[in-house]
Amino acid sequence: MKKLLYMTLLLIFILTAGITSAQTQAEGIKAALVVTPPGKSDLGWNFVHWLGCERAKDLGLIREYAEIVSSEANILSDLTLLAQSKEYDLIIVCGWEFLDALQVVANEFPDQNFVMTDVVAEFGEDEPGNFNTLSILFQQEQPSALVGALAALLAIHYDSPHVGIVLGIEGPVLYEFEMGYKWGVNWAANWVEENRPDLAAESKFINTPRKERVLWTYTGTWADPAKGREATEIQIRQGAVAVYAVAGSTGLGVLSYIDDYHKEQTIPFTDPPFAIGVDIAQDWMNPYIIASAMKRADVAVVEAAKLVQADMFRERVAEDHILWMNFANQGTWMSDEQSLDEFMQYMVRLGSLPAEERPKILEQWKELRAAQPSWIWEAIEELQEAIINGTVDIPRPFGEPAKWQIKELRAEYG
């Protein structure tokens, strides 16, 4: 009788534990997102991480999360307090300047799971951080090549001599944006010479020396829109048909300058100069943003949340402490109708876009794209397929620094 009672209680315990575990998994994990100022209001790199938390919440992967806006001065104490609390199943850290602090805290709290995006968190073989930290990196050269090709094709169509790019703080990750863009520009010029020799013969762009086709400026900051405007004005006045904004909040100055330039000059929105956004589908922000090179940190956050919820995070880290996001898993991409509409839905949720504006913006964006020649989009599709299939070799100064040296690349492409 006692044995039967014991077995019954044991069975109840096992079933109850199973139900509790299932309920916990169904509820999702608790996460903390640590970002640089100004937080998600940058509508760029920080925002797309916030978007990832929102998407994971919608999918039931995250039940609750906190957004912490930190700084270099406070990051060590902020991360320490988060880890000490033991409240979070996952701490996601966004910001190169937070790397040193993350490496310290990850080693001090071996039971805490960490994600570091956009830069590799390196640890000794036996250090705790080598088992609890996943670095998520992005092949940003891929969408940069695609928008570089688009910019060059537009320059050829509108007979402009240059395209432009405005960047933030110089460093290996930014080198991939820069060189991917320049490589894509060169690819497009070669494509036109081969497929549209009628256009190539008299093209100002084709006849501009290769090293001079791309106007490029490092502003040295992520948070100064005025510097973004200043750099863009110089490039537009030199004849850039489109400017690629790769500078965080500084890049918002690129977008606003081109917006103001169109209004002051009463230029139709379907005509240049155009802007090219970054990180998210920024195309919604004004009618002159023809595309965006997306680094989908939102996809990365969702993937990390899936691993933690399925209790496979440590296993994945043990296999390889780096997770690459690229065209193959759509962790990087060039904005299209689906991604633009999806991002606008979240902008409505955030309160940054009135719901009634969403369909209007989408229709205007379609009109902007349709106003450009079909051969441009045929070339873009060809390059996109080549990137997905791995038949082109785009420079990767960050991902493969031994193979791609920035000095050598600049000597070739300008």
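The values are calculated or read from the model by the stated rules, or taken from the named source; none is laboratory data. Note that the structure is predicted; figures quoted are calculated from it, not measured. A quick note on method: Cβ atoms are made from the backbone with ideal geometry, for glycine too, and the neighbour counts reach across all protein chains shown.
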Next item on the list: Tell me, yes or no, whether segment 381-392 has at least one residue that is in contact (Cβ under 8 Å) with a residue 40 or more places away in the chain, part of a helix (DSSP H, G or I) and more than 27 Å from G180 (Cα to Cα).
Entry: no
Checklist entry - Do we find that W222 is in a loop (DSSP other than H, G, I, E, B) and either surrounded by fewer than 24 Cβ atoms within 10 Å (Cβ to Cβ) or in contact (Cβ under 8 Å) with a residue 60 or more places away in the chain (or both) in this structure? => result yes
Screening W324, W365, W404 for residues that are among the aromatic types (F, W, Y), within 22 Å of F138 (Cβ to Cβ) and under 21 Å from the mean Cα position of the chain (by Cα) leaves only W324
Test: L61 is farther than 23 Å from P128 by Cβ and modelled with pLDDT of 95 or more: yes
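Quick grid of which residues meet (1) aromatic (F, W, Y); (2) touching a residue at least 40 places away in the same chain (Cβ under 8 Å); (3) in the same structural domain as V48 (by TED's automatic domain parsing); (4) out of contact with any helix residue (DSSP H, G or I) (no Cβ under 7 Å at 6 or more places or on another chain):
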site	(1), (2), (3), (4)
S335	no, yes, no, no
D341	no, no, no, no
W365	yes, yes, no, no
R369	no, yes, no, yes
K403	no, no, no, yes
Of the residues in segment 140-159, those that are touching a strand residue (DSSP E or B) at 6+ places or on another chain (Cβ under 7 Å) and crowded, with 23+ Cβ neighbours inside 10 Å come to Q140, Q142, P143, S144, L146, V147, L150, A151, A152, L154, A155
Those residues of segment 78-119 that are modelled with pLDDT of 95 or more, outside any strand (DSSP E or B) and of a type in the set (A, V, I, L, M) come to a total of 10
Check: Does G248 fit the bill of being under 20 Å from the mean Cα position of the chain (by Cα), at pLDDT below 95 and over 23 Å from L153 (Cα atoms)?
Finding: yes
Would you confirm, using the coordinates I've provided, whether N74 is over 23 Å from V173 (Cα atoms) and either buried (at least 20 other Cβ atoms within 10 Å of the Cβ) or touching a Pro at 6+ places or on another chain (Cβ under 7 Å) (or both)? no
